[in-house]
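The values are calculated or read from the model by the stated rules, or taken from the named source; none is laboratory data. Bear in mind that the values here come from a model prediction, so they are computed numbers and not experimental data. Reconstructed Cβ throughout: ideal geometry from the backbone, glycine too, with neighbour counts over all protein chains shown. The accessibility values were calculated without ligands, DNA or RNA, using every heavy atom of the protein model including side chains. Shrake-Rupley method; radii C 1.70, N 1.55, O 1.52, S 1.80 Å.
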Amino acid sequence: MKMNSDTFEQVIVKFQETSSQFVSANAKVIDDAITLVAQHHDRRSIGPLLSSLDDGAQEDAGMFSLIHAAENFDDDTYVNELLAILPQLVTKAPKWASIVWMRGLNSENTRNIIVKKLREADLNVKQSAAWLCKKINDRSPLFLSKTIPILLAIKQ
């Protein structure tokens, strides 16, 4: 695949302009936009990728493509960038925030990093994480073993 000559900043601006159409776009449109961003493999793309999640999206496949692209970084980098946008994500797309959070909880390494980073996180991030854990626990108590360490870290 030919590398786009645009800088990362230019690509992100174009991506964010396009992302407003993701709610009604098919997966190919979203995948094409992601491809341009992914070519730069820049950690700063995680926030814009996850911020493009939309509970009103007509196709889940495109939303999962956004998640997969964001997860394509080492866990420490991913968690840092996820926590930075978590309060906004919970407000904008609570359904997809919950899915992203459950995926993180399902990975032992990612979950351990979340626990570590939440101890030092600001109150808004902690409140968002607690809200997500409660929502997940309400849906299925099977996640309690994964959410309890998160909830304990928040209280520290």
Problem set entry | 2 or more residues at pLDDT 95 or above and within 17 Å of the chain's Cα centre (by Cα): qualifying helices (runs of 4 or more DSSP H) within the stretch 75-156 | 75-92, 94-106, 108-118, 123-139
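Restricted to the stretch 29-51, and to residues that are of a type in the set (Gly, Ala, Ser) and either modelled with pLDDT of 95 or more or open to solvent by less than 50 Å² (accessible area, probe 1.4 Å) (or both), which residue is nearest to Phe15 (Cα to Cα)? Outline the logic, then answer.
Of all residues in the stretch 29-51, those of a type in the set (Gly, Ala, Ser) come to 33, 38, 45, 47, 51.
Filter again for either modelled with pLDDT of 95 or more or open to solvent by less than 50 Å² (accessible area, probe 1.4 Å) (or both), leaving 33, 45, 47, 51.
Details: Ala33: 6, Ser45: 10, Gly47: 12, Ser51: 11 Å.
Here the residue is Ala33.
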For this session: Consider only pairs whose beta carbons are under 8 Å apart and that are at least six residues apart or on different chains; among these, list those whose first residue lies in the stretch 8-28 and is loosely packed, with under 14 Cβ neighbours inside 10 Å and whose second residue is of a type in the set (D, E, K, R) and outside any helix (DSSP H, G or I).
Result: Asn26/Glu59
Problem set entry | the stretch 35-64 residues that are on the phi > 0 side of the Ramachandran plot, paired with ones that are among the polar types (S, T, N, Q) and at pLDDT below 95 (beta carbon under 9 Å, 6 or more apart) | none
Exercise. Consider Asp54 against the criteria (1) in a helix (DSSP H, G or I); (2) buried (at least 17 other Cβ atoms within 10 Å of the Cβ); (3) of a type outside the set (A, V, I, L, M, F, W, C): it satisfies all of them except one. Which criterion is unmet?
Worked result: (1)
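Would you confirm, using the coordinates I've provided, whether Ile154 is touching a Gly at 6+ places or on another chain (Cβ under 9 Å) and over 29 Å from Asn26 (Cβ atoms)? Walk me through it before giving the result.
Working: touching a Gly at 6+ places or on another chain (Cβ under 9 Å): no; over 29 Å from Asn26 (Cβ atoms): yes.
Criteria not met by Ile154.
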Exercise. Within the stretch 64-82, is even one residue open to solvent by 50 Å² or more (accessible area, probe 1.4 Å), under 24 Å from Trp131 (Cβ atoms) and of a type in the set (A, V, I, L, M)?
Worked result: no
Exercise. Quick check: is even one residue across the stretch 103-113 free of Cβ contacts under 8 Å to residues at least 40 places away in the same chain and more than 22 Å from Glu71 (Cβ to Cβ)?
Worked result: no
